[in-house]
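Computed from the coordinates by the stated procedures, all read-outs in this text should not be read as laboratory data. What you are looking at is a predicted structure, and each value in this text was computed from that prediction instead of being measured. Heads up, the Cβs are rebuilt from the backbone with ideal geometry, glycines too, and the neighbour counts pull from every protein chain shown.
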Amino acid sequence: MRAPPARSAPFWTWRQLGYHDKPLGLLNVDGYYDALLAFIATTMEQGFVAATQRDLLLVGADALPLLQRLGESAARAGEPDDYRRI
């Protein structure tokens, strides 16, 4: 699924809450999302986001390697999605 960061936030939150265990990826072509990633790094430094939560977001500048990482991570996803609690 392709979505802008503001629309992708729920997927990341749902992953943190355990509603799904699918990987999340951010294709950062030409540093387009550098400011967003810097903001996330700042929230980590200030204790608002744990490194384990940040690590749920796979980031890459090249599509093919990012897709390969997402595929490897998806292969480890085992539980069916459960959105009934949302």
### Query
Long-range amide H contacts for Val49: which residues qualify at under 5 Å (H placed 1.01 Å from N, peptide plane, sequence gap of 5 or more or a different chain)?
Met44
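If neighbour count is taken as other Cβ atoms inside 10 Å, put Phe48, Phe39 in order from fewest to most.
Values: Phe48 10, Phe39 13.
Ordered from fewest to most neighbouring Cβ atoms within 10 Å, Phe48, Phe39 come out as Phe48, Phe39.
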### Query
Mind listing the phi-derived Karplus ³J(HN,Hα) values for region 17-29, rounded to whole Hz, using 6.51, -1.76 and 1.60 with θ = phi - 60°, and x for any glycine or proline?
7, x, 6, 8, 10, 7, x, 10, x, 10, 8, 9, 6
